[in-house]
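What follows is one structure encoded as structure tokens, with my remarks underneath.
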Amino acid sequence: MRAETNLWDFVPAPDFQLPAPPAAEAARGGMRRLWEQLAGVFIGHASDEPDSQRRKVQAPAEFLKSVAGNPDWTDAAANLTAHLRDGWLDQSDSTQKVLSVIGPPGCEIGRVLEIVADNLQLKLITEPSPDELLTHSTASSPALSFCEDAGEQVVVVPRLERWFFRHAEGLSLIRQLVERIQNGPIRVLLGCDSWAWQYLQHSIGIEDILSSPLALAAFDASRLDRWLRSVLDLSEIQFREGPDGKAVFPTSPAAGSQEADGTQRQTSSVVKVLAALARGNPAVAFAMFLAGLRLDSGEPDTMKGPATDSSTELWVTSPFEHEVAKIAGGFDRIDRFLLHSLLLHRGVPPALLAGLLPFSRTAIQSRIHRLINSGTIELIEGRLSVTLIAYPFVRKDLQSDGFLTDRF
Amino acid sequence: MADPTVTQQQVSQILRDWSEIRLLEASVVIVAGVALTAAIKWSVPQLARRLPDRFRFWVLPWEPILRVILLLVLLAYVVPLFIYPTPENLLAISGALAVALGFAFKDYASSLIAGVVALYERPYRVGDWVTIDDTYGEVQSLGLRTVQILTPDDSLIAVPHGKMWSTAISNSNGGQRELMCVADFYLSPEHDGETIRDRLFDVALTSPYLRIDRRPIVVAVNRPWGTHFRLKAYPIDGRDQFAFVTDLTLRGQAMLRRLNVKTVVVPSVAGITA
């Protein structure tokens, strides 16, 4: 039996490989998008919900929660801990003083590093307040005092994206931080959002100074299939796709992607499409999977509680049929600047957004309401962020329009 | 003295008899041609607007080219409906046209020919930001005789193509999306130049409009009245140039106020040149 790759591998960021879409879907998807764009010019967008979806309704939220909870990053943290123990942490005399780990939205790198810090009993550094970020000062900030305090110890900075703002006064502190880390005595394990990292690389050359980061290896179709089988309750629920009701997870839900005789388990087309559309981001793929679950109409009333019926069937719809996929083509210029700001900072408190954008508060507020109503952004823990379901479409739209994007 | 009968005979040999002219067909073709020209003029910019912005400068230049091709096809179809298309007739008509163009429509013909040359040499394309004489704006369309330029004040100016024979044409973006924008700051001499340079650089670096893979540049020049700083940077899209310069200027001024740096007040200083 072939050894399976670890689900939660961390690789050098330059070695990150995007999962390829199924060939037929790549050609079909490209042609479909071109047709939709041309049709939009002369005909306008029409409701084109397939017949197969008209008789299906979205499953209630409580039911979906019982199907699968939020992704658990404990295994990812455990793997990173082992990776660090065998490598960077063991090399106390190494010249590589900083190890950076970056991840796209949804991959909670900050949370992963917090668990790692707890596992290894390392000092965790919290980010400064937004007010402190916007105070340009050449004097040493109290937030940087850890750079001299730790001695030979290793410290963990889990969320570097919270150490700057894209503001004329917002780069001072992070410049000081990077300089102190580079010249100071301590070693630092750094976590950062991939969009923020890319911006910092272009603005202050962070990767040139601190060296190339690690990233979670892409969840291709095979990996995604294994992970979904492990988090979904396949003994209770049947997942189906397409008009003929083909099973999404066709073989027995044992761990791994191989049968007992070593043959490869079949991966369904919807999982392949999800893996490609999510660009290897497991959190995005998972969110799109859940958002695409449908019941036959007439069943929602029976699904108000947790899933208990072993004969329950859920239908997995194509992510291109999500409402937000259609909205993404209609962003105006202000929408794009707003979404780009949210992605660069991995979420911005609403009160600070006006200070980061060259538009009036009224214009920003009206767009915030519209984008929240369309499911493109959401308010979580006091910060406006792009939803995971909207993320692939927003990213593609921004990239097409020439905005700086991350490498994932 | 020319014999009128011979002249009339010569003309009738060029022109078809009235009964031979398919007037209805010619009318239908001309109307269809005009409609098709209008359709091209409407649909190509619409298509450019709907597609991702990076395709704009691939799509827009095709509008005048398609219209010229359509015009040539139209002429090739309609003219033989009215004249006998023999080599002798075409030569005779060309000669007459040359005389008419030479005397009466000299400037018009010059602009027409310049328009054809402009399609080939491309001193400007649809979507370019150009300066011709005192006119600065975005090229909206290339007509047969004129180029239509929309100024920042929303005025549509028709500039004859013939201007290119004798006037320099300044093209700010040359078919690309980005063009350099400049924000000027005029400071009194009492300031730390290096600090101002670094802070202005950050002002550009943190603009949402900035095309970040093109590094901003700060140029400082001493003048008799103080120091002239020029902050040069590229926006993501040339259409944002005015908003970009506004953003750089306002945030730059805010930064200077925070540093208590004095700016030069123009009326009290004579002879300032940009």
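The values are calculated or read from the model by the stated rules, or taken from the named source; none is laboratory data. Small disclaimer: the values here were computed from a predicted structure and weren't measured. Here Cβ is always computed from backbone atoms with ideal geometry, including for glycine, and neighbour counts include all displayed protein chains.
What the table shows:
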{"item": "Every residue from segment A:386-408 that is surrounded by fewer than 20 Cβ atoms within 10 Å (Cβ to Cβ) and more than 14 Å from chain B (Cβ to nearest Cβ)", "result": "none"}
{"item": "Segment A:160-181 residues that are facing chain B (nearest Cβ under 8 Å), paired with ones that are part of a loop (DSSP other than H, G, I, E, B) and at pLDDT 95 or above (beta carbon under 6 Å, 6 or more apart)", "result": "A:R166/B:T206; A:H167/B:T206; A:A168/B:T206"}
{"item": "B:L90 farther than 30 Å from B:G238 by Cβ and not polar (S, T, N, Q)", "result": "yes"}
{"item": "Subset of segment A:342-366 that is in a helix (DSSP H, G or I) and under 16 Å from the mean Cα position of the chain (by Cα) - its residue that is nearest to the other protein chains (Cβ to nearest Cβ)", "result": "A:L344"}
{"item": "Members of segment A:192-212 that are without any contact (Cβ under 8 Å) to a residue 60 or more places away in the chain, within 13 Å of chain B (Cβ to nearest Cβ) and either over 10 Å from A:I174 (Cβ atoms) or not in a helix (DSSP H, G or I) (or both)", "result": "A:Q201, A:G205"}
{"item": "Out of B:D240, B:D213, sole residue that is of a type in the set (D, E) and in contact with a Leu (Cβ under 8 Å, 6 or more places away or on another chain)", "result": "B:D213"}
{"item": "Tally, over segment B:51-108, of residues that are touching a residue at least 24 places away in the same chain (Cβ under 8 Å) and of a type in the set (G, A, S)", "result": "1"}
{"item": "Hey, B:T206 in contact with a Ser or Thr (Cβ under 9 Å, 6 or more places away or on another chain), farther than 30 Å from B:I69 by Cβ and within 14 Å of chain A (Cβ to nearest Cβ) or not", "result": "yes"}
{"item": "Qualifying residue in segment B:165-187 (condition: more than 9 Å from every other protein chain (Cβ to nearest Cβ), within 32 Å of the chain's Cα centre (by Cα), small (G, A, S) and buried (at least 21 other Cβ atoms within 10 Å of the Cβ))", "result": "yes"}
{"item": "Top-ranked residue in segment B:188-203 [being in a loop (DSSP other than H, G, I, E, B) and exposed (fewer than 14 other Cβ atoms within 10 Å of the Cβ); ranked as nearest to the other protein chains (Cβ to nearest Cβ)]", "result": "B:D192"}
